[in-house]
1. Relative contact order, percent, of the chain when contacts are C-alpha pairs under 8 Å separated by at least 6 residues?
2. Identify the trypsin sites (Lys or Arg not before Pro) of segment 233-282 meeting these criteria: DSSP loop state and at most 13 other C-beta atoms within 10 Å of the C-beta.
3. Could I get the Rg over Rh figure for segment 430-505? Both from C-alpha atoms, Rh via Kirkwood, rounded to two places.
4. Compactness ratio of segment 109-319: Cα Rg over 2.2 N^0.38 Å, N = residue count?
5. Residues of segment 2-91: accessible area per residue at 1.4 Å, in Å²?
6. Can you give the helix-only mean residue ellipticity at 222 nm for the chain, where every DSSP H stretch with n ≥ 4 adds -39500 (n - 2.57) and the sum goes over all residues, rounded to the nearest 500 deg cm²/dmol?
7. Write down, largest first, the equivalent ellipsoid semi-axes of segment 321-410 in whole Å, where each equals the square root of 5 times an eigenvalue of the alpha-carbon gyration tensor.
8. Considering only DSSP beta bridges whose two residues both sit in the chain, what percent are antiparallel, to the nearest 5?
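The values are calculated or read from the model by the stated rules, or taken from the named source; none is laboratory data. Since we're looking at a predicted model, the values are computed, not measured. All Cβ positions, glycine included, derive from the backbone under ideal geometry; neighbour counts span all protein chains shown. Accessible surface is based on the protein model in full, side chains and every heavy atom, while ligands, DNA and RNA are left aside. Shrake-Rupley method; radii C 1.70, N 1.55, O 1.52, S 1.80 Å.
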Amino acid sequence: MRIWVPLDSAAKALGADAVAEALAREAKARGMDVQIIRNGSRGMVWLEPLVEVDVGEGRVGYGPVTPADVPALLDGRMNSLGPVEDLDWMRRQTRLTFARCGVIDPLDLDDYAALGGLVGLRRAIGLDSAAIVAEVTASGLRGRGGAGFPTGIKWKTVAEARADQKYIVCNADEGDSGTFADRMIMEGDPFTLIEGMAIAGLGVGATRGYVYMRSEYPVAIEVLERAVVIARQRGMLGADVLGSGRAFDMQVRVGAGAYVCGEETSLLNSLEGKRGTVRAKPPLPALEGFLGKPTVVNNVISLATIPVIFERGAQHYADFGLGRSRGTVTLQIAGNVRRGGLFETAFGMSLGEVVNDIGGGTLSGRPVKAVQVGGPLGAYMPVSKFDTAMGYEDFDAAGGLIGHAGLVVFDDSADMLQMARFAMEFCAIESCGKCTPCRIGAVRGVETIDRIAAGDPNAAALLSDLCETMKDGSLCALGGFTPYPVMSALTQFPDDFATLKEAAE
Ligand SMILES: Cc1cc2nc3c(=O)[nH]c(=O)nc-3n(C[C@H](O)[C@H](O)[C@H](O)COP(=O)(O)O)c2cc1C
Ligand code: SF4
């Protein structure tokens, strides 16, 4: 009998290790022949720990499971959720990047290869640099780390740069609130990231890669490091990638924890052992990046999506999506929501559908008030904007941003003045200090919001003015985008800014 229990951090936080231990103990006591496989998560966090049992014609799910449920589960007396693949949450997705996550043993390269793994890399080995870059361009893939910059254009710049050494740097800092897609794929299907980085290396002529991972991800660090060792042993990495005669190898590097170290130039400084402050651009990292050499800096999901593009062809990927937002978006639904988790779908679903239909509305049962999309620098979207389609341009037109596609849901008890204050305070704390509008502006921003709360009639105009200055004058998006949550709170939820003022009058 084969039983899957996730090793994913979210599942572990909800007791998956205790369930796995209880299963092993109980099976041994009963003399049952049970193989326990620690898989990644399927992304249904509200069902974790989600245990799956092989019943011959597919895997049946049970969840959330506690150690006390184990005897009934082994007896076949526990109510199952049915075949996992048939669950509404799974059926409604288009799983391209996450196709194997939760399905395979993350560290079994044969499992990986049996489900389409390595097909993309083998195909890329047969192509020259220009053809690899052209394939990525044709897929329409845009950076999933936040800015949505076309990946093909970035790779082309690095491919055409002349240098004795080039690098692939994977941004696994994942600092945005409500986001966990990077972690989930690194824990559940690490070879897909390794394969994506190897293809990137072949494409631009880079022989070395680094994954810059946040220190708060001990499980992802361990899984990815073990996967790199296996990939090297099996010839997927090293001096002769899959017998191609071309070299690519990589290492995992762990950051010390700072939101700004997710910004690519700050990340490069940190990776070089320097303080994580933002570098002025130009020069672009694509031309002068890690150690001053041409460097591709891409998000985990961007790179982990590369294998499926090469496996199935750019057109297959580009056929999904909306407008200039091609392919799938890996939505991370979090906050005050009934069904939180990872949902991969073609761009184009409306925000309201994601929150109410997929997410099931708030966990508290109270009405939704706002959804912050795109991390701490994303706008608070009111319910009146729920018809906005998940697409880069659509969100931009609605005054928001998709960013890394994390959604944090708030019910009507949220105080938006306090949320605006939090955004400014976050910026003040996380600022690298390099430029004045952010370093000083964010501190003044907190004070100005406190003045609004205290009933100062001039403070709201001052806050708008300050936000304009931060937007126009900041060196990077930390200072430049903090006005999004602040101004969206002020303009979309004016009542929350009026109460104290009225009380003072
Ligand atoms: C303050 C700040 C934090 C960021 N944090 C991250 C992060 O955690 N992960 C990430 O991939 N990109 C982050 N970015 C975006 C990166 O600077 C960069 O655009 C991205 O790594 C490029 O990869 P992509 O094109 O694949 O998205 C951040 C940007 C800023 C301004
Ligand atoms: S905006 Fe803030 S984080 Fe970005 S460079 Fe300026 S001080 Fe540093």
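1. For the chain, the relative contact order is 14 percent.
2. 274, 275
3. Numbers: Rg = 12.7 Å, Rh = 12.6 Å.
Result for segment 430-505 is an Rg/Rh of 1.01.
4. Dividing the Cα radius of gyration by 2.2 N^0.38 Å gives 0.93.
5. With the other protein chains kept in place, segment 2-91 gives 45 Å² per residue.
6. My calculation for the chain gives -12000 deg cm²/dmol from helical runs alone.
7. 19, 14, 11
8. Given both bridge residues lie in the chain, the antiparallel proportion sits at roughly 55 percent.
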